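Beneath this line is the structure, given in structure tokens, with notes to follow.
The values are calculated or read from the model by the stated rules, or taken from the named source; none is laboratory data. Just so it is clear, the structure is predicted and the values come from calculations on it, not from any experiment. Here the Cβ positions follow ideal geometry from the backbone for every residue, glycine too, while neighbour counts run over all protein chains shown. Note: accessible area is taken over every heavy atom of the protein model, side chains too, but ligands, DNA and RNA are not part of it. Shrake-Rupley method; radii C 1.70, N 1.55, O 1.52, S 1.80 Å.
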Amino acid sequence: MLKNELTLAVCAYGKSAYLEEAVRSACSQTVAVRVLIATSTPSDFIENIARKYAVECFVNPVRGGGIAADWEFAVSCAKTEFVTIAHQDDIYFPEYAASVLESFRKNPDSLIVFTDYCDLIGEKFSGDRGYLWIKRILLWPFYLKSTWRMRSIKKLPLSFGNAVCCPSVSYNLRNLGELRFDRSYSVNLDWAKWVELARRPGSFSYRRKRLMAHRIDETTETSAAIQDNRRYNEDLRIFSGIWGAGIAKVLMKFYSKSYRMAKVPHK
């Protein structure tokens with residue numbers, strides 16, 4: 001394993017219109033990072049983008065494992081201490097890697113480093129939509145560095161929703177070891193992982209600057225999961241595990257409203 005280096009591992013599926021933009025942003029960091037593409041759907045389209053930006057493309061030999069298997073494969077290709085599972089629809093601003101590496105250096109016990117972010121709707125960046133401010137309010141315990149290592153505080157924001165933006169997260173494999181995700185989830189495997197990690201010693205390091213953009217588009221997996229109720233069912237499952245079924249149902253009455261807030265706004 002290479003020390004003190006960050007890999008941006010871009011998970012590619014099918015023929016995404018946004019993949020090249022995601023790879024370009026990963027390759028445009030202000031500090032040297034390793035960039036790779038990992039895919040379980042190999043194609044000339046993906047290979048051509050990899051060649052254009054001179055990044056390695058790894059093909060998962062195991063098919064049908066779902067998102068969890070694809071993420072685990074991407075991480076296994078990294079070979080560095082720190083890795084970001086980058087989504088093919090999203091964009092990383094040039095200072096993302098430098099900021100994350102700085103946080104890892106200052107907080108060597110970190111399990112994860114995550115950042116603030118904005119939405120990307122078409123070609124427009126928006127960091128002030130209502131549900132984003134709700135997430136920032138949920139993350140208030142992380143505004144003080146002294147709370148980053150407290151297990152009860154790490155779990156507190158996660159008890160009221162998934163306020164941590166998955167593609168903004170970088171993992172410290174030196175402290176985490178082999179990274180595994182719960183394959184019984186198809187949407188909330190990230191939230192389930194944060195809840196699990198909150199119980200472990202080590203810090204959750206939060207960078208309050210908006211350092212990446214999460215694309216909101218009706219063709220993305222997140223939007224599809226909202227439409228077919230997978231998101232609702234998995235949210236209810238996690239809330240039930242934390243609070244019990246009764247309180248979970250009450251929380252879902254409020255939390256499900258965020259689905260509408262996060263949708264692509266009508267023109």
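Side notes on the structure shown:
- Structure-based [θ]222 nm, the chain - -39500 (n - 2.57) summed over DSSP H runs of at least 4, per residue, nearest 500: -11000 deg cm²/dmol
- Residue 186-residue 131 pseudo-label distance in nm [points 7 Å out on the Cα-to-Cβ vector]: 1.9
- Surface share of carbon and sulfur [accessible, 1.4 angstrom probe, percent] for the chain: 56
- Ordered from largest to smallest accessible area (heavy atoms of protein chains, 1.4 Å probe), the residues 193, 209 come out as 209, 193.
- If you run the Gaussian network model on the chain, springs between alpha carbon atoms under 10 Å, then out of 73, 125, 160 the most flexible one is 125.
- The charge dipole of region 1-156, taken about the Cα centre with unit charges on the Cβ atoms of Lys, Arg (+1) and Asp, Glu (-1), comes to about 640 debye, rounded to the nearest 20.
- Of 105, 231, 151, the residue with the largest accessible area leads and the full order is 105, 151, 231 (1.4 Å probe).
- Largest first, the extents of the alpha carbon coordinates of the chain on the three principal axes equal 52, 42, 35 Å.
- Positive-end ranking of 189, 254, 108 along the dipole of the chain, with charges on Cβ about the Cα centre, is headed by 254.
- Dipole magnitude for region 49-124: about 320 debye, using +1 per Lys or Arg Cβ and -1 per Asp or Glu Cβ, origin at the Cα centre.
- Å² per residue, accessible surface of the chain at 1.4 Å: 46
- Cross-link pairs beyond the 19 Å C-alpha cut-off, checked among 79/145; 124/193; 15/79; 106/145: 79/145; 124/193; 15/79
- Length-normalised contact order of the chain in % [C-alpha pairs under 8 Å, at least 6 apart]: 22
- Rounded to the nearest 10 Å², the accessible area of residue 184 at probe 1.4 Å: 70
- Length released on extending from residue 63 to residue 230, taking residue separation times 0.36 nm less the Cα-Cα span: 58.0 nm
- When 45, 142 are compared by accessible area at a 1.4 angstrom probe, the order from most to least is 45, 142.
- Rounded to the nearest 20 debye, the dipole size of the chain about its Cα centre is 1060 debye, using +1 on the Cβ of Lys and Arg and -1 on the Cβ of Asp and Glu.
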